[in-house]
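For reference, the structure discussed in these notes is given below.
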Amino acid sequence: MIEFRGVTKQFPDGTIAVHDVDIVIPPRKTTVLVGSSGSGKTTLLRMINRMVDPTGGQVLIDGTDVATVDPVKLRRGIGYVMQNSGLLPHRKVIDNVATVPLLRGESRRAAHAHALELLDTVGLDRSLADRYPAQLSGGQQQRVGVARGLAVDPNILLMDEPFGAVDPIVRAELQQELLRLQGELGKTVVFVTHDIDEAFLLGDQVVIMQQGGLISQAASPAEILAHPADSFVADFVGADRGKRALHVTEVDGRRVVVDADGRAAGVLAS
Amino acid sequence: MNLFLDAFAWLADPANWTGPGSIPQRIAEHLWVSALVLVIASAIALPLGALVGHTGRGREPAVMVSGGLRALPTLGVLTLFGIWIGIGLAAPVIALVILAIPPLLAGAYAGFESVDRRTIDAARAMGMRELQVVGKVELPLGMPIVVGGIRSATLQIIATATLAAYIADEGLGRFIFAGLKTRDYGEMLGGSILVILLALVIDGCFALTQRVVVPAGVRATRTAELRSGPTRSRTIVGRPNTEGNQE
Amino acid sequence: MNWLWSNLDLVGELMLVHLALSVPAIILSFVVSVPIGWLAHRYRWSRGVLLSICGLLYAIPSLALFIALPAFTGLSLRSPVNLVIALTLYGVAVIVRTSADAFDSVERDIRQSATAVGYSAAGRFWGVELPLAGPVLLSGLRVVIVSTVSLATVGAVIGVPSLGSLFTDGFQRGIQIEIITGIVATIVLALGLDALSVLLGRLLMPWTRRASSNGRVLTARRVREETA
């Protein structure tokens with residue numbers, strides 16, 4: 001469990017990125033932080049592995065204040081996946097995946113064997129192991145990034161807009177992969193995105209943030225849609241524009257769900 | 001063309017190849033002084049440049065120092081140290097070190113700075129210590145540019161070491177100044193040819209080294225970029241610091 | 001200090017002589033290197049060859065070039081023309097890469113839209129490519145100015161008078177202030193010409209006046225904070 005207690009971050013130039021945030025991130029679930037740029041979502045994420053230190057309040061992992069843990073040790077125990085994959089361009093795929101285990105002092109052979117298994121886990125062919133990152137497609141690089149994040153079998157996986165830079169088709173594919181993986185592995189995933197559809201698709205809990213690092217609402221997608229906390233949330237999720245309003249019409253005796261524009265979204269079961 | 005004949009005659013004269021002040025001895029001196037200066041200047045400038053490139057702090061002063069020192073006329077610095085310190089190797093070595101610092105400093109900070117900030121960020125997020133970020137990420141990725149700086153510094157040292165023969169009994173420049181004094185164009189030109197060959201051979205060695213130190217994955221990036229057009233706003237040129245105050 | 005006051009005339013005269021050596025070399029190397037840089041930019045195959053030749057030229061120690069050049073040109077070793085040619089060669093070696101980069105820096109979209117609106121090849125060069133390559137060309141020119149002014153002093157050891165004569169004379173006679181005067185005068189001359197070129201650039205390229213302040217590279221720390 002990750003807990004933010006009254007966390008504030010003010011940068012030296014005076015801008016407040018995160019303002020007095022309290023959230024509990026439940027274990028083995030996916031929590032999505034969503035908001036437009038400048039809402040402090042990435043800052044919040046990066047406080048968990050101490051890439052950013054708060055100027056006020058505490059961040060606790062399983063009851064331990066992260067400020068008391070050596071940042072390097074902390075980071076080596078937490079998976080991190082970022083937008084551009086962040087792979088080291090001068091190392092082969094296999095060495096990229098094995099980076100953290102090697103940093104932790106595992107033997108090269110064991111780390112490589114494990115890295116190959118991880119390529120299977122994220123759905124990459126083992127023949128890609130000897131390629132360099134630049135020789136992979138964007139989607140493949142992102143999968144390698146996920147494999148690297150999982151390399152030390154962390155309890156916590158931080159994902160900072162990991163699918164932001166790939167095309168929509170590949171993104172949809174990667175989202176499904178992540179759902180499958182999460183079903184198998186059950187990690188505590190903290191996921192940052194600016195795409196509300198992605199948030200609703202992936203999140204067990206969705207945290208909606210607004211400018212200045214304020215939390216507007218933290219709840220399950222269904223609850224947010226049912227009871228948006230305020231007009232900002234309603235606007236952000238598109239409920240007020242009727243974008244999410246679905247209604248049922250009968251077509252040849254079957255009940256079809258249709259969205260606001262009259263496009264068929266699905267058929268009601270039963 | 002008979003000027004070249006004079007030079008070849010001088011080069012071919014066996015008397016010039018043995019004894020004190022012979023061609024082999026002067027070449028050895030030239031190389032020894034150059035190597036000594038390169039080591040001292042590198043020990044000062046490379047760590048400093050790496051620190052500036054790594055932290056991003058002190059960039060403005062570093063740019064000013066490396067730019068400002070380039071405007072210094074080398075002959076002026078040499079003669080000034082010559083009359084301050086007197087005859088011997090100390091004066092030219094100190095002057096040469098000062099003149100070699102700008103390209104080394106510029107190469108080191110430009111090399112470290114050229115590394116994609118997002119790659120460094122990722123390395124840190126994985127839990128690399130600062131020294132590991134420097135050694136495992138920044139150094140290998142910035143190496144081609146750092147070596148480029150060492151290359152232009154070395155060329156400059158070799159050139160200035162030639163000129164340093166004006167104030168000290170050292171190196172291949174001795175032949176040029178001896179020839180100037182006795183109006184022996186063959187000796188002057190012969191000495192010049194030797195210096196030019198020495199510089200070109202060493203430059204060739206560096207060109208080769210620079211190719212070797214490009215990490216394989218980065219080479220893959222370059223070919224991928226050629227195929228798909230530029231993806232980065234900032235192009236990294238192999239030899240960015242060759243300009244300025246040569247000789 | 002006495003030396004300086006009684007020799008102000010000499011210093012002034014040598015500054016003029018120095019200008020007469022370096023300014024023609026600077027202008028010549030700029031004029032020669034722009035078309036070469038354009039060739040290297042326009043024809044990929046020529047780029048490697050042209051840049052390698054410049055690299056080799058650049059690797060040649062100046063004193064050796066000053067002495068070897070008369071063997072090709074037939075000029076006297078002490079002829080100022082010999083020195084100007086050598087300085088021009090160095091200037092070209094330094095600036096060709098920058099000038100190729102300068103033409104590379106003109107965006108393809110702009111070039112294509114110029115063609116699309118009906119520029120001829122020559123018109124496009126003079127009206128679009130050259131002015132847009134201007135800022136990078138200017139940065140190359142500034143490097144050449146500083147290096148040429150400094151390099152011209154070396155001519156003094158082979159008997160071509162310049163501010164470098166203050167170094168050789170001061171060294172022979174052990175007059176420290178003479179050498180220091182020479183160094184300062186050389187730097188002042190270089191900075192003066194540099195400022196002049198910047199001014200000229202502003203006059204000729206009024207659209208760059210604003211861009212210079214935000215064209216700076218982000219420092220590592222700022223990028224880190226921005227991504228945070």
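The values are calculated or read from the model by the stated rules, or taken from the named source; none is laboratory data. Note that this is a predicted model, so its numbers are computed, not measured. Cβ coordinates were reconstructed from backbone atoms using ideal geometry, including for glycine residues, and neighbour counts include every protein chain displayed.
Observations
- Within the stretch A:257-270, residues that are farther than 9 Å from A:H247 by Cα have Cβ atoms under 6 Å from residues that are modelled with pLDDT of 80 or more in these pairs: A:A264/A:V256; A:A265/A:V257; A:G266/A:V257; A:V267/A:R254; A:V267/A:V256; A:L268/A:R255, counting only partners at least 6 apart in sequence or on another chain.
- Summed over the stretch A:54-65, the residues that are buried (at least 17 other Cβ atoms within 10 Å of the Cβ) and part of a loop (DSSP other than H, G, I, E, B) give a count of 1.
- For the stretch B:153-185, filtering for residues that are more than 18 Å from the chain's Cα centre (by Cα) and of a type in the set (A, V, I, L, M) leaves 6.
- Filtering the stretch C:205-228 to residues that are in contact with a helix residue (DSSP H, G or I) (Cβ under 7 Å, 6 or more places away or on another chain) and either farther than 26 Å from A:T8 by Cβ or at pLDDT 50 or above (or both) leaves C:M205, C:T208, C:R209.
- Summed over the stretch B:118-133, the residues that are surrounded by fewer than 19 Cβ atoms within 10 Å (Cβ to Cβ), at the interface with another protein chain (Cβ under 9 Å from one of its Cβ atoms) and either over 19 Å from A:D53 (Cβ atoms) or in contact with a Gly (Cβ under 6 Å, 6 or more places away or on another chain) (or both) give a count of 2.
- Filter pass, B:D203 being out of contact with any strand residue (DSSP E or B) (no Cβ under 9 Å at 6 or more places or on another chain), acidic (D, E) and either under 22 Å from B:G67 (Cα atoms) or part of a helix (DSSP H, G or I) (or both): yes
- Where a residue in the stretch C:53-74 is more than 7 Å from chain B (Cβ to nearest Cβ) and its partner, wherever it lies, is small (G, A, S) and outside any helix (DSSP H, G or I), with Cβ under 9 Å and at least six apart: C:P70/C:S76; C:P70/C:S79; C:T73/C:S79
- Count - residues of the stretch C:98-135 that are closer than 30 Å to C:L83 by Cβ, more than 13 Å from every other protein chain (Cβ to nearest Cβ) and in contact with a Ser or Thr (Cβ under 9 Å, 6 or more places away or on another chain): 2
- Of the residues in the stretch B:150-169, at least one is within 11 Å of another protein chain (Cβ to nearest Cβ), in a helix (DSSP H, G or I), free of Cβ contacts under 8 Å to residues at least 60 places away in the same chain and crowded, with 20+ Cβ neighbours inside 10 Å.
- Only one of C:S105, C:S76, C:S99 that is of a type in the set (S, T, Y) and over 18 Å from C:S139 (Cα atoms): C:S76
- Residue count for the stretch B:80-103, restricted to those that are outside any helix (DSSP H, G or I) and among the β-branched types (V, I, T): 1.
Listed here are the residues, each with its yes/no results for (1) modelled with pLDDT of 90 or more; (2) of a type in the set (F, W, Y); (3) closer than 28 Å to A:V66 by Cα.
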{"position": "A:N96", "(1), (2), (3)": "yes, no, yes"}
{"position": "A:L103", "(1), (2), (3)": "no, no, yes"}
{"position": "A:H112", "(1), (2), (3)": "yes, no, no"}
{"position": "A:L136", "(1), (2), (3)": "yes, no, no"}
{"position": "A:V144", "(1), (2), (3)": "yes, no, yes"}
{"position": "A:A165", "(1), (2), (3)": "no, no, no"}
{"position": "A:V192", "(1), (2), (3)": "yes, no, yes"}
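- Any hit, the stretch A:22-38, residues being out of contact with any Lys or Arg (no Cβ under 9 Å at 6 or more places or on another chain) and free of Cβ contacts under 8 Å to residues at least 60 places away in the same chain: yes
- Screening B:I87 against (1) surrounded by fewer than 22 Cβ atoms within 10 Å (Cβ to Cβ); (2) among the β-branched types (V, I, T); (3) within 20 Å of B:V63 (Cβ to Cβ); (4) touching an Asp or Glu at 6+ places or on another chain (Cβ under 9 Å) leaves a single unmet condition, (3).
- Hits in the stretch A:144-179 (condition: under 20 Å from B:G127 (Cβ atoms) and not in a loop (DSSP other than H, G, I, E, B)): A:V144, A:G145, A:V146, A:A147, A:R148, A:G149, A:L150, A:I156, A:L157, A:L158, A:M159, A:D160
- Within the stretch A:66-143, helices (runs of 4 or more DSSP H) holding 1 or more residues that are not assigned by TED's automatic domain parsing to the domain that holds A:V52: none
- If you go through the stretch C:136-172 and keep only what is facing chain B (nearest Cβ under 9 Å) and either β-branched (V, I, T) or not in a helix (DSSP H, G or I) (or both), you end up with C:V143, C:V144, C:V146, C:V149, C:T153, C:V154, C:V157, C:I158, C:G159, C:L163, C:T168.
Conditions tested, residue by residue: (1) more than 30 Å from C:E178 (Cα to Cα); (2) under 23 Å from the mean Cα position of the chain (by Cα).
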{"site": "C:L4", "(1), (2)": "no, no"}
{"site": "C:S29", "(1), (2)": "yes, yes"}
{"site": "C:S62", "(1), (2)": "no, yes"}
{"site": "C:I95", "(1), (2)": "yes, yes"}
{"site": "C:R108", "(1), (2)": "yes, no"}
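- Complete set of residues in the stretch C:77-116 that are closer than 23 Å to C:F66 by Cα and touching an Asp or Glu at 6+ places or on another chain (Cβ under 6 Å): C:V94
- Hey, C:I95 free of Cβ contacts under 8 Å to residues at least 40 places away in the same chain, within 14 Å of another protein chain (Cβ to nearest Cβ) and buried (at least 24 other Cβ atoms within 10 Å of the Cβ) or not: no
- Condition check for C:S52: surrounded by fewer than 15 Cβ atoms within 10 Å (Cβ to Cβ), of a type in the set (S, T, Y) and within 22 Å of B:V195 (Cα to Cα): yes
For (1) crowded, with 19+ Cβ neighbours inside 10 Å; (2) out of contact with any Ser or Thr (no Cβ under 9 Å at 6 or more places or on another chain), each residue gets a yes or a no:
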{"position": "A:R91", "(1), (2)": "yes, no"}
{"position": "A:A98", "(1), (2)": "yes, yes"}
{"position": "A:G105", "(1), (2)": "no, yes"}
{"position": "A:D130", "(1), (2)": "no, yes"}
{"position": "A:V144", "(1), (2)": "yes, no"}
{"position": "A:E161", "(1), (2)": "yes, no"}
{"position": "A:Q175", "(1), (2)": "no, yes"}
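- For the stretch B:94-111, the condition holds for no residue, the condition being that it is buried (at least 21 other Cβ atoms within 10 Å of the Cβ), within 11 Å of chain A (Cβ to nearest Cβ) and either small (G, A, S) or on the phi < 0 side of the Ramachandran plot (or both).
- Number of positions in the stretch C:66-81 that are crowded, with 22+ Cβ neighbours inside 10 Å and within 21 Å of C:S33 (Cα to Cα): 1
- Qualifying positions in the stretch A:66-99 - within 8 Å of chain B (Cβ to nearest Cβ) and without any contact (Cβ under 8 Å) to a residue 12 or more places away in the chain: A:V72, A:K73
- Meets criteria (in a helix (DSSP H, G or I), of a type outside the set (A, V, I, L, M, F, W, C), assigned by TED's automatic domain parsing to the domain that holds A:R50 and in contact (Cβ under 8 Å) with a residue 40 or more places away in the chain) for A:Q182: yes
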